[in-house]
Amino acid sequence: MNPSTQVVSPLRQRMIEDMRLRKLNGKTQIAYVRAVRRLAEFLRRSPDTATGEDLRRFQLHMVDQGTSSMTINATISGLRFFFEITLERGELMAMMSPVREPRKLPVVLSREEVARLIAAARNPKHRAALSVAYGAGLRASEVVSLKVGDIDSERMTLRVEQGKGRKDRYAILSPLLLERLRAWWRVAHAEGKMLPNGWLFPGLDPIDPMTPRQLNRAIHAAAAAARIDKPVSMHSLRHAFATHLLEQKVDIRVIQVLLGHKKLDTTALYSQVATRTIRDVSSPLDQLSPGCARPRRPLRWPPSLC
């Protein structure tokens, strides 16, 4: 049977309508439906017949299968919506427990690596898009959602409309970034690739924007061309933006606003990878009477005896 002609069960239809009522975005709706489908496949019967013990066994099954903490928590979120909202049986969710996810430090590109990466992009559109991601600290989805009218050269800001969490915010527009965007605008208009007040980074059809997947392919190609061995994604440029600002002594609360973080704790993670800031801190060990003469030149590794 063609997927487009498959009959949607009344239960799934009810859940979809509940999600539409609350204006959940498309990706969230897909993820929630997928979570309920996984439960149904595990039970081999309709998910609305599940008991609390069934839910507990389902989570144990996911753990035993080696399912990642992120996937388990995403599945629990979808099931919580299904049982609390659609079925009005939220008490069953007491049998499922979110998993604490290990917090890993991001891999941060150096300034020199960022410069090489952007320079290695295949065409002016990709170079401009990567420059926006690093120069303004935007997410890939936010970069591709920019329109020509979102550039305010008088106030030197970029308007980010409905970013993560459905929040609008303003990002910085540096003189160099504005120069690169103007260069891309001239190329795009000369080639008929950009509509008036259209997408800043259009796809193959100017009516549609470039997709985050296309942007990710572009940065992977640029990383390979620049011979950067570190794992690189579009979020790497956002990590680099925050870390480099912190190393420039920019107040972390300002960085929080620029990134659009809801919690300061999320932004504070970058203080652990801002190596220039860490290097500038004087260790209390240096205040003690040294057993060896204090070096007058930078130490090398491996060490030598003093």
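The values are calculated or read from the model by the stated rules, or taken from the named source; none is laboratory data. Note that this is a predicted model, so its numbers are computed, not measured. Don't worry about glycine lacking a Cβ; one is built from the backbone with ideal geometry, like all the others, and counts go over all protein chains shown. Side chains are part of the model used for accessible areas, which takes the heavy atoms of the whole protein and leaves out ligands, DNA and RNA. Shrake-Rupley method; radii C 1.70, N 1.55, O 1.52, S 1.80 Å.
Can you list the aspartates and glutamates whose alpha carbon is less than 18 Å from that of Lys262, not counting same-chain residues fewer than 8 positions off?
Within reach: Glu142, Glu161, Asp168, Asp251.
So, in Å, what gap is there between the alpha-carbon centers of the stretch 146-186 and the stretch 235-254?
What the calculation gives is 18 Å, centre to centre.
Only one of the values (1) 1.28; (2) 1.03; (3) 1.07 was calculated from this structure for Cα Rg over 2.2 N^0.38 Å; name its label.
Evaluating Cα Rg over 2.2 N^0.38 Å on these atoms matches (1).
Net charge near Arg159: determine it from the other residues with C-beta under 9 Å of the C-beta of Arg159, scoring Lys and Arg +1 and Asp and Glu -1.
Values: positive: Lys147, Arg169; negative: Asp150, Asp152, Glu161, Asp168.
Neighbour charge sum, excluding Arg159 itself: -2.
Counting helices only, and only those DSSP H runs with n ≥ 4, report the 222 nm mean residue ellipticity of the chain as the sum of -39,500 (n - 2.57) divided by its residues, in deg cm²/dmol to the nearest 500.
-14500 deg cm²/dmol
So, in the stretch 81-179, how many Lys pairs have Cα atoms under 25 Å apart, if the pair is 8 or more places apart or on different chains?
5
Taking H placed 1.01 Å from N in the peptide plane, check which residues at least 5 places from Lys147 or on another chain put their amide H under 5 Å from its amide H.
HN-HN under 5 Å from Lys147: Leu200.
Which one, Leu109, Leu55, Leu21, has the greatest fluctuation when you compute a Gaussian network model over the chain with C-alpha springs under 10 angstrom?
Leu21
Can you tell me how much longer the chain between Leu204 and Glu179 gets when fully stretched, taken as 0.36 nm per residue apart minus their C-alpha distance, in nm with one decimal?
Working it through step by step, the gained length comes to 6.6 nm.
Can you give the longest stretch of the chain with no exposed loop site, where a site means GluC sites (Glu not before Pro) in a DSSP loop (not H, G, I, E or B) with at most 14 other C-beta atoms within 10 Å?
It works out to 192-306.
Per residue of the stretch 139-149, in order, report the coupling 6.51 cos²θ - 1.76 cosθ + 1.60 (Karplus, θ = phi - 60°) as ³J(HN,Hα) in whole Hz, putting x for Gly and Pro.
Those phi angles translate into 6, 4, 5, 6, 5, 6, 8, 5, 10, 4, x Hz.
When the accessible area of the chain is computed with all protein chains present and a 1.4 Å probe, what percentage of it is carbon and sulfur? Display every interim value, and only then the final one.
Working: 10380 of 19340 Å².
Roughly 54 percent, rounded to a whole number.
Using the Karplus curve 6.51 cos²θ - 1.76 cosθ + 1.60 with θ = phi - 60°, work out ³J(HN,Hα) for each residue of the stretch 121-138 in order, rounded to whole Hz, and write x for Gly and Pro.
Along the stretch 121-138, the couplings run 4, 6, 8, x, 5, 5, 4, 5, 5, 5, 5, 5, 4, 7, x, 10, x, 8 Hz.
Pick out which of Asp48, Asp251, Asp208 has the largest mean-square fluctuation in a Gaussian network model of the chain, springs linking Cα atoms closer than 10 Å.
With Cα springs under 10 Å in the chain, the top fluctuation among Asp48, Asp251, Asp208 is at Asp48.
Label-point separation (nm) for Thr67 and Thr157, each offset 7 Å from Cα along Cα-to-Cβ?
Placing both labels 7 Å along Cα→Cβ, they lie 4.3 nm apart.
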